[in-house]
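Just below is one structure, and these are the notes that go with it.
The values are calculated or read from the model by the stated rules, or taken from the named source; none is laboratory data. In this text, all values refer to a predicted model and were calculated from it rather than measured experimentally. No Cβ is skipped: glycine too gets one built from the backbone with ideal geometry, and neighbour counts run over all protein chains shown.
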Amino acid sequence: MADKSCDVMIIGAGQAAEEIVERCCATGMRVMVAERDKAGGSCVNFGCTPTKTAIESARLAALARRSDEFGVSIPTVRPDYGRVIALARQKAQESNKGVTERFGDKLVHGHARLAGRDGDKFIVTVDSERCLVDKVIIDVGTRSLMPEIEGFKDVACITAENWLNETTLPRRIALLGGGYISVEMCQFYRRMGAEEVTVLEEGPHILGHEDEDVANEIEKMLEAEGIRIRTNVKVESVAKTGKTVTLLGTETIEADALFVATGRKPNTGDLGLDTLGIECDAKGFIKVDKHLRTNVEGVFATGDARGGLMFTHTAWDDARVVTSALLSDGKQTTVRVVPYAVFTDPPLGRVGMSETEAKKAGMAFDTLRYEMKRNAHADEARETTGSIKLLVEKESDLILGAAIFGASGADLIHLYSLMIAAKLPASALRDAVIAHPTYAEAVQNILL
């Protein structure tokens, strides 16, 4: 059988792949995308799309329970967990179908591996088929990192990848890890009606990448909803007796289900990277430069597999960076301002440096704070939980970083993000006219 050939082979149909295909094909390049599982990556199939669909159902249930605050009587609130999961799964399936259809005949289903070179071409095998390609883009994503704990392999765990398969709400659930996935999902399970929800975090506070005061405010909000947060907890063994999962260590926790969210592991272990000498770090993430080029000329890595910030929107921007290098002058790089959000209710919006990072860098700055209860619209909407934290450099008046924990924080953070990207001084926002009454007034009032 004759070898197939193409100009660009994308290994993995993650979030970066779709735009790369569109841009490369527009120039007449021949592109193939090899995917061994479902197109669209984690975001479409089990991450952003279905989780935010389900979280929105939980938010509505929580709001309904507060209906008396608004003069509205809703005597009974009964979340239908099975239906909520079914709706989230349906949304994931619809999104996956859309992505798959947009790839069209460029998508090939199979496990792609690098297999060295044939002259000036790269050899990529897709199952038993051999392809010769000019450029390779690795877009394989990550999966849940499973901890090395005694007895762990004998317990069926819920993870970010399989949570949609669970159609019965556990009465008691423990979440191992206190990162972004865990804080979103613990609130979801509690609002759906789980009686006992416990988050176990090995570090001194949840959301270890955030400033402690910001994390503590989110922790206080979760605890007010009846969620137990346990920090500085070391789990040494896990055992299952009947339907009960017992976690033993510095504390003993019993639960009916265990959700594991202790980090992410790149899907780079079975790609044949060694056949080309592609370098990875100690955790298996592919090393890249600011153009997303690996140490092997002609091979790029995009999305979560390249380490660093792991978001859908960074993967989309990765597509612009790679196509800039492939098709243009390479001016677009990963030197960029990246906002992100944690979709608790209320959400946390973040951009730029944390206070901890700014101090470590030796920056001279002012730390400004504003409580959301001072905002008129927050008071009217009964959404007064949270605050804004803003770092402003003393000499330049430039914004170094911001954290907005409060209603619409995931959207409001983009005002600060744009200012950082455009290098606008804080005075530009201070002197602006903001409509009243809006949540947006809060991002200005912190400066007044």
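Key figures
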item	result
Count of residues meeting criterion [touching a residue at least 60 places away in the same chain (Cβ under 8 Å) and of a type outside the set (Gly, Ala, Ser)] in the stretch 255-293	17
Test result for Asn162, assigned by TED's automatic domain parsing to the domain that holds Thr302 and closer than 30 Å to Arg191 by Cβ	no
Residue in the stretch 429-447 that is under 25 Å from the mean Cα position of the chain (by Cα), of a type in the set (S, T, N, Q) and not in a helix (DSSP H, G or I) present	no
Candidates Lys234, Lys240 - the one that is in contact with a helix residue (DSSP H, G or I) (Cβ under 7 Å, 6 or more places away or on another chain), at negative phi and at pLDDT below 95	Lys240
Every residue from the stretch 280-316 that is out of contact with any Lys or Arg (no Cβ under 9 Å at 6 or more places or on another chain), in a loop (DSSP other than H, G, I, E, B) and closer than 20 Å to Leu327 by Cβ	Asp289, Lys290, His291, Val296, Glu297, Thr302
Boolean, Val233 is part of a loop (DSSP other than H, G, I, E, B) and touching a strand residue (DSSP E or B) at 6+ places or on another chain (Cβ under 6 Å)	yes
Of all residues in the stretch 60-102 being among the basic types (Lys, Arg) and under 18 Å from Glu195 (Cβ atoms), the one that is surrounded by the most Cβ atoms within 10 Å (Cβ to Cβ)	Arg65
Residue count, the stretch 393-421 (criterion: touching a helix residue (DSSP H, G or I) at 6+ places or on another chain (Cβ under 9 Å), closer than 16 Å to Ser354 by Cα and surrounded by fewer than 21 Cβ atoms within 10 Å (Cβ to Cβ))	2
Test set (1) within 17 Å of Leu418 (Cα to Cα); (2) of a type outside the set (Gly, Ala, Ser); (3) in the same structural domain as Gln15 (by TED's automatic domain parsing) - Val321 fails condition number	(1)
Leu273 vs. criteria surrounded by 21 or more Cβ atoms within 10 Å (Cβ to Cβ) and either among the aromatic types (Phe, Trp, Tyr) or assigned by TED's automatic domain parsing to the domain that holds Thr167 (or both)	no
Residues located in the stretch 24-83, provided they are under 29 Å from the mean Cα position of the chain (by Cα), of a type in the set (A, V, I, L, M) and not in a strand (DSSP E or B)	Ala39, Val44, Ala54, Ile55, Ala58, Leu60, Ala61, Ala62, Leu63, Ala64
Residue in the stretch 174-190 that is outside the structural domain of Ala62 (by TED's automatic domain parsing), more than 19 Å from Glu56 (Cβ to Cβ), of a type in the set (Lys, Arg) and modelled with pLDDT of 95 or more present	no
Subset of the stretch 114-138 that is acidic (Asp, Glu) and either surrounded by 14 or more Cβ atoms within 10 Å (Cβ to Cβ) or not assigned by TED's automatic domain parsing to the domain that holds Asp318 (or both) - its residue that is nearest to Glu279 (Cα to Cα)	Asp134
Asp379 vs. criteria within 30 Å of Leu63 (Cα to Cα) and either part of a helix (DSSP H, G or I) or polar (S, T, N, Q) (or both)	yes
Residues located in the stretch 189-209, provided they are crowded, with 23+ Cβ neighbours inside 10 Å and at negative phi	Tyr189, Arg191, Val197, Val199, Leu200, Glu201, Ile206
